[in-house]
Amino acid sequence: MKLEDTRPWLFWALLVDFVGFTAFTGYVLLEYGMGWVDVAFANPVSTLVTVDLFIALSMVMGWVYADAKARGVSPWPFLILTLGTGSVGTLLYLLVRERPGAPVWTEEGTTALASAGR
């Protein structure tokens with residue numbers, strides 16, 4: 001099975017992830033506001049997890065920037081959302097990138113409209 005054959009499932013999996021994680025992020029921000037920062041740096045273990053997440057999201061943001069630019073899409077809304085909400089911005093970019101009918105890369109490195117089977 002080729003990756004192209006799984007893309008409709010990838011889109012729906014990303015949609016479920018995006019909706020669920022965005023709802024949970026919204027709940028935490030509404031319930032605790034900026035109080036999550038105190039918890040994120042409360043002890044060495046939580047600080048390690050927070051710094052690790054920052055490093056991982058920084059690398060992902062570099063990929064989002066390069067991938068979006070190569071596809072002719074502005075990366076800034078996704079990068080700003082990632083800075084403000086963590087993985088929500090990245091999940092949204094992946095959802096937009098994998099939506100049915102979105103441009104895809106050909107082997108020559110140019111974009112083309114997605115086939116109906118995507």
Problem set entry | Which numbered condition Thr47 fails, given (1) closer than 22 Å to Arg7 by Cβ; (2) out of contact with any helix residue (DSSP H, G or I) (no Cβ under 7 Å at 6 or more places or on another chain) | (1)
Problem set entry | Count of the stretch 50-104 residues which are within 23 Å of Val19 (Cβ to Cβ) and among the β-branched types (Val, Ile, Thr) | 9
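Report, by residue number, each residue of the stretch 38-59 that is under 23 Å from Leu79 (Cβ atoms) and open to solvent by less than 50 Å² (accessible area, probe 1.4 Å).
Within the stretch 38-59, Ala40, Thr50, Ala56, Leu57 qualify.
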Problem set entry | Residue check for Trp9: without any contact (Cβ under 8 Å) to a residue 40 or more places away in the chain and within 11 Å of the chain's Cα centre (by Cα) | no
For this session: For Gly101, indicate whether it is surrounded by fewer than 19 Cβ atoms within 10 Å (Cβ to Cβ), at pLDDT 85 or above, on the phi > 0 side of the Ramachandran plot and not aliphatic (A, V, I, L, M).
Result: no
Exercise. Only one residue in Tyr27, Tyr65, Tyr32 is more than 22 Å from Phe78 (Cα to Cα) and open to solvent by 50 Å² or more (accessible area, probe 1.4 Å). Which one?
Worked result: Tyr32
For this session: Please report, ordered by residue number, the helices (runs of 4 or more DSSP H) entirely within the stretch 1-73 with at least 1 residues that are of a type in the set (Gly, Ala, Ser) and farther than 21 Å from Tyr93 by Cα.
Result: 36-40, 44-70
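The values are calculated or read from the model by the stated rules, or taken from the named source; none is laboratory data. This one's a predicted model, so the numbers in the text were calculated from it and none came from an experiment. When we count neighbours, we look across all protein chains shown, and the Cβ atoms used for this are built from the backbone with ideal geometry, even at glycine. For accessibility, only protein heavy atoms count, side chains too; no ligands or nucleic acids. Shrake-Rupley method; radii C 1.70, N 1.55, O 1.52, S 1.80 Å.
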